[in-house]
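Working notes, beginning with the structure itself.
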Amino acid sequence: MSGNNVSHANNKTRRRFLPNLCNVSLISDTLGESFKLRISAHALRSVEHRGGLDAFLLKQDDADLSPLALGIKKEIRAALAA
């Protein structure tokens, strides 16, 4: 998104609203290993709300996930099927 910085003198300069990205290590309970991901703070809250990385990835649509997250989701499904 974009918008304006507005000063006390009502001067307007363009600015960008960037997502709050965090580098985190999330642990998969099913696979027993950790994965380093760069996700937004909102997504991190969603992971914690759903009960961990495994539950979050299994419930999330494939179109919304990155290629790395899709690979992790595929590994989790294979481990749960075995």
- Message: Can you give me the angle between helix 67-81 and the longest principal axis of the chain, using Cα atoms only, in degrees from 0 to 90, rounded to the nearest 10?
- Response: 30
- Message: Output the 0 to 90 degree angle, nearest 10, between the alpha-carbon long axis of helix 41-50 and the longest principal axis computed from the alpha carbons of the chain.
- Response: 30
- Item | Solvent exposure, largest accessible area first (probe 1.4 Å, DNA, RNA and ligands not counted), of H8, H42, H49 | H8, H49, H42
- Item | Candidate aspartates and glutamates for bridging to K73, where Cα separation is under 14 Å - those fewer than 8 sequence places away on the same chain excluded | D29, E33, D54, D61, D62, D64
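Taking Cα pairs under 8 Å and at least six residues apart, what relative contact order does the chain come out at, in percent?
Numbers: 81 pairs, mean separation 16.5, N = 82.
Relative contact order of the chain: 20 percent.
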- Dividing the helical contributions, -39500 (n - 2.57) per DSSP H run of n ≥ 4, by the residues of the chain yields a 222 nm value, nearest 500 deg cm²/dmol, of -11500 deg cm²/dmol
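What order do you get for 21-30, 53-62 when each peptide is scored by the mean count of other beta carbon atoms within 10 Å, highest first? Numbers along the way, then the final one.
Working: 21-30: 13.2, 53-62: 16.0.
Those peptides, ordered most packed to least, come out 53-62, 21-30.
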- Given that just one value was derived from the coordinates, which of [x] 26.1, 88; [y] 12.5, 42; [z] 17.9, 65 is Rg and Dmax of the Cα atoms in Å? [z]
- Take the alpha-carbon centre of segment 46-65, take the same for segment 1-34, and report the distance between them in whole Å. 20
- Per residue accessible area in Å² of the chain, where ligands, DNA and RNA are left out and the probe is 1.4 Å: 76
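The values are calculated or read from the model by the stated rules, or taken from the named source; none is laboratory data. On a predicted model such as this, the values are computed, not experimentally measured, just so you know. Don't worry about glycine lacking a Cβ; one is built from the backbone with ideal geometry, like all the others, and counts go over all protein chains shown. When the accessible area is computed, the model is the full protein with side chains, heavy atoms only, and any ligands, DNA or RNA have been set aside. Shrake-Rupley method; radii C 1.70, N 1.55, O 1.52, S 1.80 Å.
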